[in-house]
Amino acid sequence: NKTCPLDVIRNPEAIGSPVFFNAFGFDYIPTVTDLFIEIPILGSPCNEEKIWKISKVGANFWFVSTGGRVGNLESKFKIVRLEGEHAYEIYSFYFCPSLPGYLCGPVGTFEDADGTKVMAFGKGIYDP
């Protein structure tokens, strides 16, 4: 279709590719702050910006795809430190723009019926 989900199963060259974080005004990667994440995958079939964004698919979840733009709401992610007795120094990606009432939740993986795994946000994802 017209989206380009982040899919390392179909592009094994992407495994281990660098990811770049952009947090304006910081010279380090802060937690719980809007970040723009770029994954410049070499050999990607998608001819578009490599900044993450969420793309609505179906009724239950959103894919994490490329084609986002710095400054757009659908491209604002966060790194969140998990809480709890067994979560010491464990972090997770969240889609959660700093706007009251906006969608907010963990980014995980979704596996469809044919076994393809992609990054996604919403109901039916696996949140490690």
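Heavy-atom surface analysis with a 1.4 Å probe gives region 20-122 a carbon and sulfur content of 55 percent of its accessible area.
Remark on region 51-107: Rg and Dmax equal 12.7, 37 Å (Cα only).
Near the amide H of GLY67, within less than 5 Å, lie the amide hydrogens of GLU49, LYS50, ILE51, all on another chain or at least 5 residues away, with H placed in the peptide plane.
Computed from the alpha carbon atoms alone, the convex hull of region 20-122 holds 144 Å³ per residue. The residues of region 20-122 present an accessible area of 58 Å² per residue when probed at 1.4 Å with all protein chains retained.
The values are calculated or read from the model by the stated rules, or taken from the named source; none is laboratory data. Everything numeric in this text was worked out from a predicted model, so none of it was measured. Only protein heavy atoms, including side chains, enter the accessible area calculation; ligands, DNA and RNA are left aside. Shrake-Rupley method; radii C 1.70, N 1.55, O 1.52, S 1.80 Å.
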